[in-house]
Structures are given as C-alpha cells and as structure tokens.
Amino acid sequence: MSSERSRLTALYGGLLLLAGALLTGVVYLLVQQGLYSSISTAVTTAVPRGPVPPWRSTPLPLVTAVPAQRTKPLEKADDDTGAIAVTKISDLAGEAALNRLLTVSVIVFAAYAVVSIALAWWMAGRVLRPVAVITGTARRLSGANLHERIALDAPQGELKRLADTFDEMLDRIERLVGAQQRFAANAAHELRTPLAVQRAAAEIGLAGEPDAERVAMIRKKLISVADDSEELIEGLLLLAASEQGLERREPVALDVLAHAVADGLGAEAAAWHVTVTVEAEPLTVEGDGVLLDRLVHNLVANGVRYNVPDGTVTVRVEGDGTLEVTNTGPEVPPETVPHLFEPFRRLNERTHARGEGAGLGLSIVAAIARAHGAQATAEANGAGGGLTVRISFAP
C-alpha cells in the first residue's frame, strides 16, 4: 500500500509542480513582454520635454554630451536627450522589477512545491483508504466470520462499486459455504442412519438362536437398507458428476426420451395408482443422454411417488425448449418450493419408509440442468395440490 501511495503522491505532486512551473513561467514572460512599455510610458509622462527648467540645480548629464557646434534648435536636442534618458531609466527599472519578480517567484514556487507534495500525499492516502479497508477485511475473513462485510460509507464511484461488489461476492460465498456445510452434515446423517439400522438388526434381530423365519425377516431388512444406501451413494455420485459439467455432448431427442421414461415407470405408477400422460412436441437438445435421462426420470418418479391415489402426472415437451412435469398431490406451501432443489430437502420429514428416497431427486435435476445451460424452476399448483417443475433450455 505504501508503494502505491508513493506512486500516487509522485504523480499528483508532479502534476501540481508542472502546473505551478508553467504558470510561473507564463506570468514571467507576460510581465517581461509588457514591462518595458509600461515603465517607458510612466517615465515619459513623468519626465518633462523641452528646455531644462531654471530651477534645476543639476542638468541632465546627457545634455553636456551634445556638440557645441550644432546649430539645431534647442527643442530638438532636448527631445533626443529626454528619449535617451527615458530609455535608460526604463531599462534599469525593468531589470530591477524582473529580478525582484524572479526572486519572489522562486520563493513562492518552493513553498508551493512543499504544499503540493503534502497535499498529494494526503490525497493519495484518502483515495487508497477504501482499498486498505477491503484488504483488511479480506485478510480477516475465514470460515468463522464470513458474515463480515465492508459496508463502505462513501459517495457512489468506482471504489464504492468495488466494495459493494466485494460484499456481494461474500454473500454468495457465505451461501455456498453454508450449503456445503449443510450438505456434508445431511450426507453424513443419511449415510450413518442405514449403518445404525444394519447394526441394530444384526445385534438385536440375530441375538441368541433366532429361528428361520426371524432370520429371513432380518435378511430382508438388511437387503432393503443396503438398497437404500446404494441408491443414496449413486445419487451423491451423480450429483457430484453433474456439478462438474459435461464431458461430451450429443443430440438428444427429449420427446423420445420422455416417452421412454414414462413407459419405464409404468409399473411403478400403476402400483401407486397414478396415471402418467406425455404430451411431447419434437425437441432436440445438445447434451449428455445419460444425464438427461436421469433428469426426466427423477422428475417423473418424484411426480409418481409424491402423489395421491388416482393422481396424475403430465409430462409436456414443447418445441421452444421447455420440459414441464406437473403432478397432483399434497398441497405444497409456496415458501418451501425454492428449498426443494437443495440436497436432502423434502416436503415432509423422512420416515425411512421403503421407496421414500434420500431427498436428492430435485437437487440432481437442478445440477443436471445447470450442466446443460438450462434453468430449473418450480411452482406450487395451489388449489388441488401438487407441483409443477419446468426446465427451460437455452434456444
């Protein structure tokens, strides 16, 4: 910071000194140009023309230099003598005035230089003060005090905008760090729960000498828990892969994909007594076919599982680049809709029932959409319940 302040001081001080030197030089030249004529006019007005008055005790020395043999009129000689006298007096007065002006100018310029350097140093410090505040805040920041902000109190300008942009960046970082911390905590909890269930089933269910029926029941329970754990791990891996972006792109027909997913989930939909309908216009997007298949699958599967008996799921593919999945179901509070795209967020608390899922479905959908340059939004249907999720691909 001191080096920057020194550079700014040298720049500001140099400009002020240059301006002062130019001003002093211009004033000196202008005074020099008009000084002789001004003094000459003043002296000519003050010195009388014509014969030397009788009251003068000492005649002008220049008069004695006039040759005696000249027979020209006295008035002419007096005029020549007066002109020479005026010229010499004007020159001497002008030289004295210029010397005095130069001396005063040098003294004033030296004082001006000292004041200019001091003002430049103060101005450089004032300009760099917000940068020092930003630097100090950045050095203090850590995971424990991400809530701190610069909140620069200054008029609108480049440094004010820089400080506000830094504060906005801190807001985003704080949200991301908070989301990652919640994700890590939720993932640890979700992974710890099936392990605890497995341990309890093995230690309690198989204690002593269990009969064959009990062993079969515990075996079924352990397999179910293992399936849930496998599904959770696959979801976490898919979420991580989606956040890293796409490694390859190829044309994918979303309309064909929607029909294939609906057909694949037909048996599950029938088990939940839910009707799945597809209304698809031709739409082809550039992306990863496997990830897009998972996106559509998660949307339709969520619509089937979080529904009501005799409910419906409608899949619409529009030619303008929109994929929309609407399902009936329980009423969704509008304020909770944005949080459904966060990992492990559900409308209701988890009961660990079979087929409930880990709460990663919509978060995976949002990650895959971002990887394809698309935007995922959702809105509650209001009366009648259910949710509408819309994926808007870039044209």
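Points worth noting:
- Restricting attention to the range 305-314, the residues that are closer than 28 Å to Glu250 by Cβ and surrounded by fewer than 24 Cβ atoms within 10 Å (Cβ to Cβ) add up to 1.
- Complete set of residues in the range 193-237 that are open to solvent by 60 Å² or more (accessible area, probe 1.4 Å), within 25 Å of Ala301 (Cα to Cα) and not hydrophobic (A, V, I, L, M, F, W, C): Lys220, Lys221, Asp227, Glu230, Glu231, Glu234
- The range 244-283, residues that are aliphatic (A, V, I, L, M) and either surrounded by fewer than 19 Cβ atoms within 10 Å (Cβ to Cβ) or in a loop (DSSP other than H, G, I, E, B) (or both): Leu246, Ala253, Val256, Ala260, Leu265, Ala267, Ala270, Ala271, Val278, Leu283
- Lone unmet requirement of (1) modelled with pLDDT of 75 or more; (2) part of a helix (DSSP H, G or I) for Ala93: (1)
- Here the condition is being modelled with pLDDT of 75 or more, under 30 Å from Ala216 (Cβ atoms) and either within 41 Å of the chain's Cα centre (by Cα) or hydroxyl-bearing (Ser, Thr, Tyr) (or both); of Arg192, Arg139, it holds for Arg192 alone.
- Neighbours by Cβ (under 7 Å, 6+ apart or cross-chain): first from the range 1-20, in contact (Cβ under 8 Å) with a residue 12 or more places away in the chain; second surrounded by 12 or more Cβ atoms within 10 Å (Cβ to Cβ) and outside any helix (DSSP H, G or I): none
The values are calculated or read from the model by the stated rules, or taken from the named source; none is laboratory data. Keep in mind the model is a prediction, meaning the values are calculated, not measured. Cβ sites come from the backbone with ideal geometry, for glycine too, and all protein chains shown count toward neighbours. Surface accessibility is based on the protein's heavy atoms, side chains included, excluding ligands, DNA and RNA. Shrake-Rupley method; radii C 1.70, N 1.55, O 1.52, S 1.80 Å.
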